[in-house]
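Asks: I am attaching a structure below and will ask some questions about it afterwards.
The values are calculated or read from the model by the stated rules, or taken from the named source; none is laboratory data. Remember, predicted model here, so these are calculated numbers, not experimental data. All Cβ positions, even for glycine, are placed from backbone atoms using ideal geometry, and neighbour counts span all protein chains on display.
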């Protein structure tokens, strides 16, 4: 059987100041503020093969390249070297509220965003009540999205994206948000997807979540592949590195 995801020599580089947020002092005194030059490799020489139904936890510190790898798999970013081949559709829980328009109502956003993910009008109508019920926003369907609390926005985004019937699911720290009751709903939804044979990539700093859902761990350190094996072994190596750095 062909792999669901295969990365070969995968790498991507960014300008050092590409994502730098401007501060007021930068705008007022821009001629006096040094601008970092050059570039860095966010990921380099990544080789991975993932089979159907595997549950992979991405492990590593901030800036290690975990979210960047998910975006490359989702096709949001284009690699500068190597390749990543994805055999099947992707349900990306990377930026859950991405694609939602603040001035549109929740009702209109469900229709718009689901359509952008490729759902037909008939499919959207069929799934509409399920999405609304899961997100618990039935009383706010005609409220502009910008008036939603951050928790409501995440609930709606999670409900919509996980309703997509795609074989590959990418999850980036989504399980860390929301109240306890909603997190448990998310856990149950994730377990349903895995029992249905979906392939999972999960980014989480919560080791309990990684152990609960993942059998394989991939450890990224400063953009390089530091470990790839059973989730417990990968977490042990990551924690050993943290302990060593703390000494």
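Asks: Quick test for you: out of 228, 209, pick the one residue that is at pLDDT 95 or above and within 23 Å of residue 4 (Cβ to Cβ).
Replies: 228
Table: residues versus (1) over 15 Å from the mean Cα position of the chain (by Cα); (2) in a strand (DSSP E or B); (3) crowded, with 17+ Cβ neighbours inside 10 Å.
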site	(1), (2), (3)
182	yes, no, yes
189	yes, no, no
193	yes, no, yes
197	yes, no, no
210	no, no, yes
217	yes, yes, yes
229	yes, yes, no
232	yes, no, no
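One line per residue, one yes/no per condition, for (1) surrounded by 18 or more Cβ atoms within 10 Å (Cβ to Cβ); (2) at pLDDT 85 or above; (3) outside any strand (DSSP E or B):
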{"residue": "1", "(1), (2), (3)": "no, no, yes"}
{"residue": "6", "(1), (2), (3)": "no, yes, no"}
{"residue": "53", "(1), (2), (3)": "no, yes, yes"}
{"residue": "57", "(1), (2), (3)": "yes, yes, no"}
{"residue": "63", "(1), (2), (3)": "no, yes, yes"}
{"residue": "76", "(1), (2), (3)": "no, yes, yes"}
{"residue": "100", "(1), (2), (3)": "yes, yes, yes"}
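Asks: In this structure, does residue 49 turn out to be more than 29 Å from residue 241 (Cα to Cα), assigned to a strand (DSSP E or B) and out of contact with any helix residue (DSSP H, G or I) (no Cβ under 6 Å at 6 or more places or on another chain)?
Replies: In short, no.
Asks: Then there's this: Considering only residues that are farther than 26 Å from residue 51 by Cβ and touching a residue at least 40 places away in the same chain (Cβ under 8 Å), which ones fall in segment 159-181?
Replies: 160
Asks: Return the only residue of 112, 175 being in a helix (DSSP H, G or I) and modelled with pLDDT under 85.
Replies: Matching residue, one of 112, 175: 175.
Asks: Condition first: in contact with a strand residue (DSSP E or B) (Cβ under 9 Å, 6 or more places away or on another chain) and farther than 16 Å from residue 173 by Cα. Now tell me which residues in segment 191-218 satisfy that.
Replies: 193, 194, 198, 199, 215, 216, listed by residue number.
Asks: For residue 119, all conditions in the list (1) part of a helix (DSSP H, G or I); (2) in contact with a helix residue (DSSP H, G or I) (Cβ under 9 Å, 6 or more places away or on another chain) hold save one; what is the number of the exception?
Replies: (1)
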